[in-house]
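The values are calculated or read from the model by the stated rules, or taken from the named source; none is laboratory data. Please read these numbers as outputs of a predicted model, since none were measured by experiment. Every residue, glycine among them, receives a Cβ derived from its backbone with ideal geometry; neighbour counts consider all protein chains shown. In case anyone asks, the SASA skips ligands and DNA or RNA and just uses the protein heavy atoms, side chains included. Shrake-Rupley method; radii C 1.70, N 1.55, O 1.52, S 1.80 Å.
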Amino acid sequence: VDGIFNRVPSFPVRPIFENSDNITGLKKAKNFLYLTDPSRFDSQDGIVDRLSTTNFDALVLDVFDRARNPFTKKNVRRLQLKRIGARRLVLATMNISIADSSHFYWKPGWTTGNPRFISTQAPGSADLHLVNYWDGAWQDILTDKPDSYVYGIAKQGFDGVLLDGVDNYRLYETDDK
């Protein structure tokens, strides 16, 4: 696996453990689709149209489409229905250890060390920056205020959030600890 989740699998044609149940919580989900790279889709409507033809119990998505526009509440609602009409969960990913310069919170002039929580540029990407995720100022951007990332996800209508980047603590470990 190359770590890129950018398409709906063509096989199997139907999800394993496909069912017609309404999914109201993770315990009820028997399958899911993890699609966090929208680059193969020309538009948000294209993503929604394609995913609407599936019967996965849960979808895990980036909150932004290829053009870096957040999913509309209307489109999230459309995604919450399986092809067969039953309800499914739609979860958003939120990376807690990487700041993305294409996201809404990024300010002009931000760079390594400014603000203090930006640690270094992530390898292989000019847009991604590792952050000191324990810094209170970064946590405020993610969760603490009505204009924070997680509140925005809730306003978009997502059913929940999947935290990404939680394993990046390893980047800060040393042999002497």
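Worth pointing out:
- Residues of the range 1-49 satisfying the condition of being assigned to a loop (DSSP other than H, G, I, E, B) and open to solvent by 100 Å² or more (accessible area, probe 1.4 Å): Val1, Asp2, Arg7, Ser10, Phe11, Val13, Arg14, Ile16, Phe17, Thr24, Lys30, Asp42
- Residues considered: Ala58, Ala67. Of these, the only one that is under 17 Å from the mean Cα position of the chain (by Cα), among the small types (Gly, Ala, Ser) and open to solvent by less than 30 Å² (accessible area, probe 1.4 Å) is Ala58.
- Those residues of the range 2-61 which are among the acidic types (Asp, Glu) and within 19 Å of Thr72 (Cα to Cα), in sequence order: Asp37, Asp42, Asp45, Asp49
Per-residue answers, yes or no, for (1) in a loop (DSSP other than H, G, I, E, B); (2) over 30 Å from Leu81 (Cα atoms); (3) at pLDDT 90 or above:
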residue	(1), (2), (3)
Gln139	no, yes, yes
Leu142	no, no, yes
Asp147	yes, no, no
Gly152	no, no, yes
Phe158	yes, no, yes
Leu163	no, no, yes
Tyr169	no, yes, no
Thr174	yes, yes, no
Lys177	yes, yes, no
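- Condition met for Asp140 (within 30 Å of Lys74 (Cβ to Cβ), open to solvent by less than 40 Å² (accessible area, probe 1.4 Å) and among the charged types (D, E, K, R)): no
- So Tyr133, is it of a type in the set (Phe, Trp, Tyr), surrounded by 13 or more Cβ atoms within 10 Å (Cβ to Cβ) and in contact (Cβ under 8 Å) with a residue 40 or more places away in the chain: no
- Residue match in the range 150-165 (condition: over 27 Å from Phe56 (Cβ atoms) and surrounded by 12 or more Cβ atoms within 10 Å (Cβ to Cβ)): no
- Selection count where residues are of a type outside the set (Gly, Ala, Ser), outside any strand (DSSP E or B) and within 28 Å of Trp138 (Cα to Cα), scope the range 76-101: 2
- Residue in the range 66-85 that is farther than 23 Å from Tyr151 by Cβ and modelled with pLDDT under 95 present: yes
- Any hit, the range 109-120, residues being over 15 Å from the mean Cα position of the chain (by Cα) and closer than 25 Å to Val60 by Cα: no
- Tally of residues being in a loop (DSSP other than H, G, I, E, B) and over 14 Å from Phe32 (Cα atoms) across the range 54-75: 9
- Flag for Thr120 being in contact with a Ser or Thr (Cβ under 6 Å, 6 or more places away or on another chain), under 19 Å from Asp37 (Cβ atoms), modelled with pLDDT of 90 or more and assigned to a strand (DSSP E or B): no
- Test: residue in the range 98-121 that is open to solvent by 30 Å² or more (accessible area, probe 1.4 Å), closer than 30 Å to Ser10 by Cα and not small (Gly, Ala, Ser): no
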